[in-house]
Amino acid sequence: MAKLRVELVSPEREIWAGEADMVVAKTIEGEMGILPGHAPVLGVMVDGSVVRIHPSDGGEPVAAMVSGGFFSVASNEVSVLAEYAELGGEVDVRAAREEYERVSAQEGDEAAAAQRRARARLRAAGQEV
């Protein structure tokens, strides 16, 4: 069976790369589930969303918080080019929860964006928000 070749990168580093059975990402057009054989697509990532990757090796799904960027699918190759990304397993949950509580008390567009990013960090780490 065909597999997806997935790369999740940010300007700082490669966050995750490997083969996957499915990738789920939220673009400004809506949430997309990508399986092998998917039609080519290019999308703009939602700032403060979570990308989920289901590895082909049967391992645990990978969750990463992304802050902006692009999502591209072509010939079973999926590229997530994030302005910033963080794997759920790398999130300092205590610090992320403190940040979420701090920015939740603020108002305005910048505060709303910071709240989305903090919430996404917690969700990527498997925490309820």
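The values are calculated or read from the model by the stated rules, or taken from the named source; none is laboratory data. What you see is a predicted model, and the numbers here were worked out from it, not measured in a lab. Cβ: placed from backbone, ideal geometry, glycine included. Neighbour counts: every protein chain shown. Note: accessible area is taken over every heavy atom of the protein model, side chains too, but ligands, DNA and RNA are not part of it. Shrake-Rupley method; radii C 1.70, N 1.55, O 1.52, S 1.80 Å.
Values as computed for the structure displayed
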read-out: When residues of segment 15-46 are limited to those that are assigned to a loop (DSSP other than H, G, I, E, B) and of a type outside the set (A, V, I, L, M, F, W, C), the one most open to solvent (accessible area, probe 1.4 Å); value: E29
read-out: E12 open to solvent by 50 Å² or more (accessible area, probe 1.4 Å) and part of a strand (DSSP E or B); value: no
read-out: Positions within segment 47-70 being open to solvent by 20 Å² or more (accessible area, probe 1.4 Å) and touching a residue at least 40 places away in the same chain (Cβ under 8 Å), in sequence order; value: D47, S56, V62
read-out: Meets criteria (at pLDDT 90 or above, crowded, with 21+ Cβ neighbours inside 10 Å and either assigned to a helix (DSSP H, G or I) or not hydrophobic (A, V, I, L, M, F, W, C) (or both)) for E98; value: no
read-out: Residue satisfying condition, being open to solvent by less than 50 Å² (accessible area, probe 1.4 Å), aliphatic (A, V, I, L, M), at negative phi and part of a strand (DSSP E or B), within set V73, V103; value: V73
